[in-house]
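Notes for the one structure printed next.
The values are calculated or read from the model by the stated rules, or taken from the named source; none is laboratory data. Remember, it's a predicted structure, so these values are computed and weren't measured experimentally. Methodologically, a virtual Cβ is constructed for each residue, glycine included, from the backbone with ideal geometry; neighbour enumeration extends over all protein chains shown. To get the accessible areas, we keep the full protein, side chains included, count just its heavy atoms, and leave off ligands, DNA and RNA. Shrake-Rupley method; radii C 1.70, N 1.55, O 1.52, S 1.80 Å.
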Amino acid sequence: MAEEAILGFLDNNTQISDSGQFATDQGLDHNEVVNVIKSLHGFRYVDAEDIKKETWVLTDEGKMYAATGSPEILLFLAIPPEGIPKDELQKKLDPAVYKIGCAQAAKNKWVELGKLVTRKVQQAEDKVKNLLLQIQEGKVVGQDDIKALKARKLIAQQTWKGYSVKKGLNYAPKRKKVATDLTRENLQRGDWKELEFKEYNFSAKGLPIEGGHLHPLLKVRQQLKDIFRQMGFEEMPTNNFVESSFWNFDALFQPQQHPARDSHDTFFLQAPSTTNELPEDYVERVKAVHESGGYGSRGYGYDWKREEADKNLLRTHTTAVSSKMLYLLAQKPFVPKKYFSIDRVFRNEAVDRTHLAEFHQIEGLVCDRGLTLGDLIGVLHDFFSRLGMSKLRFKPAYNPYTEPSMEIFSYHEGFKKWVEVGNSGMFRPEMLLPMGLPEDVRVIAWGLSLERPTMILYGIDNIRDLFGSKIDLGLIKKNPLCRLGI
Ligand code: FB9
């Protein structure tokens, strides 16, 4: 529309002297005309030159006066020929109209503002309204009037931008189809000769280079793996989400009636619902320690059931892997070991803003002769200081498989408060000795989640923005690498 109008007009005229006037004459939107002129100028169909005009436009107040009349005229018209008490006149008018009207009508010597307000002239002309209407119609108004209206903030200056347009080097009454690529077909058909190619824009930005991006969780996981390895820990094989209740609970001396083993807290599998590859001699020792204790323990004194232990589940903690690794360690002549794991675990719990039915557990353990709680506290200080947490506090806690157990707290300088950063303890003899580990071997262990530090480090307060099918990939692509601790 606008393009045909512009190219057609130039076919019969030397120039469009003012794009604004041209748009009005053609019944076109000036912004559309300007966009087309810019595009035609880019292809040299036309040569466009900027025009700038300083114009006056009405402010909102000015538009109101142009519509309803100025406050001074409204006040003048509200005064009857015999005059009116001031307070009565005030009640008849809008407060702003009364205030401005009194000042301006008195200035124009239209009224006498006594207790009784009277007219000093027979009639008055609303000059302000007339001037505003003239400006609205684009007519020229005297400088003094402009100055007075501007002082009352009834008009404001606006820079109008338009173009004057002449035929360009590549002018044609109709724009030719522009090709952006020279194709094999163009060459075969030979129609490249008639084609017009878009000028190459050397300043155009290249497409953003798409590359792979690591998820924040995986970035933090990598840094934690590096920390464990620097501390001499070996990674445990955690590539099985499905585990038997035996390794996940029984081997840890967690009693079969423990609430955590209920289906309200644990995802049990329907198929395959049970395992069939447990080390039978070890199972017998576990059964015995649950039922009647041994190794100095009283046990739990209940009838342990094999079918409970055989049930398959989604592991509720990576401690299930730790128990398997410690059992394997006990099958050979003892050597001290330091193991770690970081992988997904599953809990059948209510989900909320910071909890899903699964999370990544981080677990570390040290297995050696004669370890003490002091060694555990020492290794926790070493580990957490590498995460930037040097101020730790420990609080006695309970875990079915560790005694003593401690919750770990770190003072967060940002939040100015103590934050729970994990849990820890020494695996019980009822867990270690049935495996066959030597009597003086102790295992110290601790755990934390991967999501909590990641959310804090990346300032994410809803876990759904971190994990799941609805996360914003932009967050993955743009987030900076967060350095942990040191
Ligand atoms: O991660 C946790 N908190 C945390 C960790 C790091 C952190 O870093 C910030 C940069 C500063 C911030 C916070 N917690 C453990 C503590 C709490 O968040 C807690 O509310 C949630 N816990 C999870 C369990 O929730 C069902 C975090 C998860 C957890 C808890 C205990 C263990 C592992 C993970 C364990 C263990 C364990 C104990 C003894 C022996 C072996 C393993």
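Stretching the chain fully between Ala288 and Ser273 yields a gain of 3.0 nm (0.36 nm per residue, less the alpha carbon separation). Counting only Cβ charges, +1 for Lys and Arg and -1 for Asp and Glu, the dipole size of segment 311-403 around its Cα centre is about 100 debye. Estimated at the nearest 10 Å², the accessible area of Leu218 is 70 Å² with a 1.4 Å probe. Once the Cβ-Cβ distance between Thr180 and Glu49 is put in as r, and R0 is 30 Å, what FRET efficiency do you end up with, to the nearest 0.05? Using R0 = 30 Å, I get an efficiency of 0.60. Against the chain, whose longest principal axis is taken from its Cα atoms, helix 127-136 shows a tilt of about 60°. Between the listed residues Leu77, Asn240, Gln256, the Cα displaced farthest toward the positive end of the dipole of the chain, a dipole computed from Cβ unit charges relative to the Cα centre, is found at Leu77. At q = 0.08, 0.09 Å⁻¹ the log10 of I(q)/I(0) for the chain amounts to -0.72, -0.76, computed by Debye summation with a single uniform scatterer per C-alpha, solvent ignored. Which residues does a label at Asp465 reach in segment 337-369, if reach means a backbone N under 17 Å from a point 7 Å past the Cα toward the Cβ? Under cut-off, by backbone N: 352-356.
Per-peptide packing, taken as the mean over residues of other Cβ atoms within 10 Å, places 394-406, 200-212 in the sequence 394-406, 200-212 from highest down. The helix-based estimate of mean residue ellipticity at 222 nm for the chain, built from -39,500 (n - 2.57) per DSSP H run of four or more residues and divided by its residue count, is -10000 deg cm²/dmol to the nearest 500. With each label modelled as a point 7 angstrom along the Cα→C-beta vector, the Tyr398-Ile209 pair spans 5.8 nm. For the chain, DSSP calls about 95 percent of its internal beta bridges antiparallel.
Hey, what does the equivalent ellipsoid look like for segment 336-486, semi-axes from the Cα gyration tensor as sqrt of 5 times each eigenvalue, largest first, whole Å?
In descending order the semi-axes read 31, 18, 14 Å.
Give, to the nearest whole percent, the P(r) tail of segment 116-171 beyond 15 angstrom, counting all Cα pairs. Of all Cα-Cα distances in segment 116-171, 66 percent exceed 15 Å.
Quick check for you: with a 1.4 Å probe and neighbouring chains kept, what is the accessible area per residue of the chain, in Å²? Walk me through the numbers on the way to the answer.
Working: 27240 Å² over 486 residues.
Using a 1.4 Å probe on heavy atoms only, each residue of the chain averages 56 Å².
By the equivalent-ellipsoid construction on the alpha carbon gyration tensor, segment 185-254 comes out with semi-axes of 61, 20, 10 Å, ordered largest to smallest.
Counting Lys and Arg as +1 and Asp and Glu as -1 over every other residue whose Cβ lies under 11 Å from the Cβ of Ala2, the net charge comes to -4.
Distance between the 7 Å Cα→Cβ label points at Leu116 and Val57: 4.9 nm.
Note on exposure: Asp303, Asp375 ranked by accessible area (1.4 Å probe, complete protein assembly) read Asp303, Asp375, with the most exposed listed first.
Which Cα, out of Ile51, Val97, Met1, lies furthest along the positive dipole direction of segment 1-120 (beta carbon charges, K/R +1, D/E -1)? Towards the positive end, the residue furthest out is Val97.
Across Thr274, Thr354, the residue with the most accessible area heads the list, and the full order at a 1.4 Å probe is Thr274, Thr354. With the simple spin-label model, which puts each label point 7 Å out from Cα in the Cβ direction, the Glu125 to Glu235 separation comes to 9.1 nm. Each Lys and Arg adds +1 at its Cβ and each Asp and Glu adds -1 at its Cβ; summed about the Cα centre, segment 92-193 shows a dipole of about 240 debye. When you work out D = kT/(6 pi eta Rh) for segment 65-189 at 25 °C and 0.890 mPa s, using the Kirkwood radius from C-alpha pairs as Rh and the Stokes-Einstein form, the result is 129 µm²/s.
So, with +1 on the Cβ of K and R and -1 on the Cβ of D and E, and no other charges, what is the size of the charge dipole of the chain about its Cα centre, to the nearest 20 debye?
Magnitude of the dipole: close to 1820 debye.
Within the accessible area of segment 1-138, the carbon and sulfur atoms contribute 50%, probe 1.4 Å, all protein chains present. The residues packed around Tyr411, meaning those with a beta-carbon under 12 Å from its beta-carbon, carry a net charge of +2 if Lys and Arg are +1 and Asp and Glu are -1. The apolar share of the surface of segment 405-486, taken as the fraction of accessible area on carbon and sulfur atoms (1.4 Å probe, ligands and nucleic acids excluded), comes to 56 percent. Once you reduce segment 50-83 and segment 396-469 to the center of their Cα atoms, the two points are 74 Å from each other.
Summary of packing: across the peptides 171-181, 357-367, the per-residue average of other C-beta atoms within 10 Å ranks them, highest first, as 357-367, 171-181. Take every pair of alpha-carbon atoms less than 8 Å apart whose residues are at least six positions apart; their mean separation over the length of the chain yields a relative contact order of 13 percent.
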